[in-house]
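Down below is the structure, laid out as structure tokens.
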Amino acid sequence: MNESKKELLSYLENVSLFLIGLTLLAYPLIFTSILTSPFLLTKEILIAITTILSLIVLSIRMIVEGRIRIRTTPFDLPILIFGIVVFVSALFSPNRYDALINFVPLFFVIFFFFVMVNVIRGQKAMLFSIVSLLTGTTLAALISTLSFFKIYVLPLSYTHVQAFSTVGSLLDEAIFLAITLPLAGYLAWPLISPLIGSNKQGELLSGRGKIHPSVSIAATVSAALLTVGLIVSIYQLATSQTPLILPFVTGFQTGLASISQDTGRILQGFLFGSGFGTYLNDFTRFKQATYNADAKLWSVTFSSSSSLILELLATTGFLGIVSYLFIIYRVAKEHTFFLPIIVAFVAAFLLPLPFVLQTLIFIVLALFAVLRANHAPSRYEDLEFYLVTLKHGLILAQPEGERAPHDPVNTRYGKILPFAFVLVILALVGYVGYLSLNYVLSDAIFEQSLIAFSQNRTKDWYDLQGQAISKFPYRDLYQRTFSQTNLTIANAVASNQPRNSSPSADVQQQIVGLIQQSINYGRNAVTLSPNTVSNWSSLSSVYRALFGFGQNAEQFAVLTNQQAIALDSNNPQEYIALGGIYYQLGVYDEAIRQFQIAANLKPDYANAYYNLGHAYEAKGDTDSLKNALQAYQVVASLVQSDKASSDQIKKEIDTLNKKIAGQGGQQQASTTPETNSNLNVNQPSQELPEQKTKAEIPAPPKTATATPTPTPTTGATPTPSL
């Protein structure tokens, strides 16, 4: 190999290592407010960009060398199996698009693991990588600690809160610091060990060379700051910032139910779960009615289980949990006590870990693999791949340097294999990267639409949401939100018409067009994510707003709300919504039944009894009025500590008593609920005025359980006159 080629390869190696180091430094720190998820999505983008750039550099290196050289580790096969299982779980998921969107970051993280183990070679590279990660984590801990003492070093106003953390939350930061703190301890050990009379060298010193004293001093300072940051985080978590974590019993129950009670896909559910990243749907579908007894958590919807292991059980099934345990088994088989990875895996069993921390586990796992390679290089060999004659199998893989002169390598076409390998990898990563770019751009546009809404820029709010959907039409959140946006604007246009006057043909056409779009986008949302209850609830609210305006709106509102109940059958709020529809339609017996179910599911839910009382009262016969009084009395006993609600229900009880005694005549017992009261009769949030000739409106999709296959339609979006 000539000198110029050696210099080029050395330069490429340094570039790759620099990218890794810069990423590890920035990972704990980076965030931005231009995205809907300022912390998580920003870090996912960082990993994806670094992975793509590193693969390009590695590809150039392979082409220059004319060979494919890949370092092997004991964790390669388990990680590949885990990635394949997660991908298959996403393909089989009823919410396929959600699961695939959540899989993409894992796709890049897995590639990032292989990039790290192939780029970080030797102790110097290892130290550089660890120091980079520790530097970023230490700065993150310092920012959080200073914020706790109300010293705000960042110029952004939304970071000026005591509980601010660049990692995302105090719980995530505490786990992040607990995992990385031992790394600082390893580097600081040469400085600390003489002070405690120990002659043992740390794991990092078992390779060639020694750690420079300046590195140990810096690591000692880092360890001290990380410890302080960890203590501050834990203190806040134990006092003012107690995290909401799903009870372990509920997490265990929903995990088992997800893989054993998924009607219509028992085998798929058992093997692959509901789909990676779709735990929210498992929670709503399989939580038990006893969950409503928790006064603090009953109305909280969890998108993460009680621990990462339980979440993987629910979302990736039996094969997902086995493949993840296979990774842990391979780590344990190394018989090396590497504290960061042990802390990470213990946390996976005990706590919910968002993707920020899941990524950190793979980073630490890569560092552990490199550390073991430095310690026992014979176990971590580099494999070279060659193009050979068809007689010998086309492709040959051998440990580096073991090819004998008589091996049947086709030297004439030797560089074809690196080119082919590079093209395949770059095509795969490039395609996923292109889709990811559209997703990120759409997310930024959607965030701008939310800002426009907060600033009352209605036209920008509307147009930007449409642009977000055009850029990436596979996210149900966009479709559901835009559905409500169209309905809101249609309602505003209708409300602006003079009283007792018919709207012009153009205005009428605009209102009908907006309504059509509202329903279409709502239908798109349930097509994309048919197991997401909020999509069906939102579509039901659209149909409910069209009572008296659209044909069959009443029937469609009931059907879609019933589908929401099928997906969240133990949620009393869904039954109150359905009861509210029947109440609005004057079908009081059915309204009473739904409100009674809500009250049975949560006997201490005052608003369920309040709606039940109103349904009985509206029915009007003597027995019903007495039942209404009983329901109101239950309400009164439940809201004694809430003065506004207590005063409100006392007035209504007095009015109802007069009605029962025949003293109230035709007086209505209901009063308008006070704005600060939790008692209210369920009513549509928006409602268009009736019209003589009802508009024809699309029906809802027939089922929520079918796997979505069609691409969502957007159609022509009418621009509202504002």
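The values are calculated or read from the model by the stated rules, or taken from the named source; none is laboratory data. Note that the structure is a prediction, hence the values are computed from the model and not measured. Note that each Cβ is placed from the backbone with ideal geometry, even for glycine, and that neighbours are counted across all protein chains shown. What goes into the accessible areas is simple: the full protein's heavy atoms, side chains included, and nothing from ligands, DNA or RNA. Shrake-Rupley method; radii C 1.70, N 1.55, O 1.52, S 1.80 Å.
Points to keep in mind about this one:
- Within region 7-28, residues that are touching a residue at least 12 places away in the same chain (Cβ under 8 Å) and farther than 13 Å from Val115 by Cβ reach partners that are outside any helix (DSSP H, G or I) and open to solvent by less than 70 Å² (accessible area, probe 1.4 Å) with beta carbons closer than 9 Å, at six or more positions or on different chains, in the pairs Pro28/Thr166; Pro28/Val167.
- Residue list for region 451-468, restricted to those being in contact (Cβ under 8 Å) with a residue 60 or more places away in the chain and more than 27 Å from the chain's Cα centre (by Cα): Thr458, Lys459
- Applying a threshold of 7 Å to beta carbon distances and a minimum spacing of six or more residues, or different chains, the list of pairs starting in region 108-123 at a residue that is open to solvent by 30 Å² or more (accessible area, probe 1.4 Å) and ending at one that is among the β-branched types (Val, Ile, Thr) reads Phe111/Thr51; Phe111/Val429.
- Any hit, region 232-243, residues being at pLDDT 95 or above, under 30 Å from Leu371 (Cβ atoms) and buried (at least 19 other Cβ atoms within 10 Å of the Cβ): yes
- Selection count, region 244-259, where residues are part of a helix (DSSP H, G or I) and surrounded by 13 or more Cβ atoms within 10 Å (Cβ to Cβ): 11
- Residues in region 47-70 include none that are part of a helix (DSSP H, G or I) and farther than 27 Å from Ser10 by Cα.
- Inside region 293-303, residues that are surrounded by fewer than 21 Cβ atoms within 10 Å (Cβ to Cβ) and either on the phi > 0 side of the Ramachandran plot or touching a helix residue (DSSP H, G or I) at 6+ places or on another chain (Cβ under 8 Å) (or both) make up a count of 5.
- Inside region 493-531, residues that are of a type outside the set (Val, Ile, Thr), assigned to a helix (DSSP H, G or I) and either open to solvent by 30 Å² or more (accessible area, probe 1.4 Å) or within 18 Å of Lys692 (Cα to Cα) (or both) make up a count of 11.
- Options Thr719, Thr707, Thr675, Thr622: the member that is modelled with pLDDT under 90, in contact with a helix residue (DSSP H, G or I) (Cβ under 8 Å, 6 or more places away or on another chain) and closer than 26 Å to Asn491 by Cβ: Thr719
- Residue tally, condition open to solvent by 30 Å² or more (accessible area, probe 1.4 Å), assigned to a helix (DSSP H, G or I) and within 16 Å of Ser258 (Cβ to Cβ), over region 304-336: 3
- Picking from residues in region 623-647 that are among the charged types (D, E, K, R) and part of a helix (DSSP H, G or I), the one that is least open to solvent (accessible area, probe 1.4 Å) is Asp647.
- Conditions (1) open to solvent by less than 10 Å² (accessible area, probe 1.4 Å); (2) touching a Leu at 6+ places or on another chain (Cβ under 8 Å); (3) in a loop (DSSP other than H, G, I, E, B): number failed by Asn561: (3)
- Residues of region 545-558 that turn out to be open to solvent by 10 Å² or more (accessible area, probe 1.4 Å), part of a helix (DSSP H, G or I) and over 17 Å from Gln517 (Cβ atoms), as a count: 3
- Where Pro28 falls short, out of the listed (1) assigned to a helix (DSSP H, G or I); (2) within 26 Å of the chain's Cα centre (by Cα): (1)
- All of (1) open to solvent by less than 20 Å² (accessible area, probe 1.4 Å); (2) more than 20 Å from Ser129 (Cβ to Cβ) hold for Ile20 with one exception: (2).
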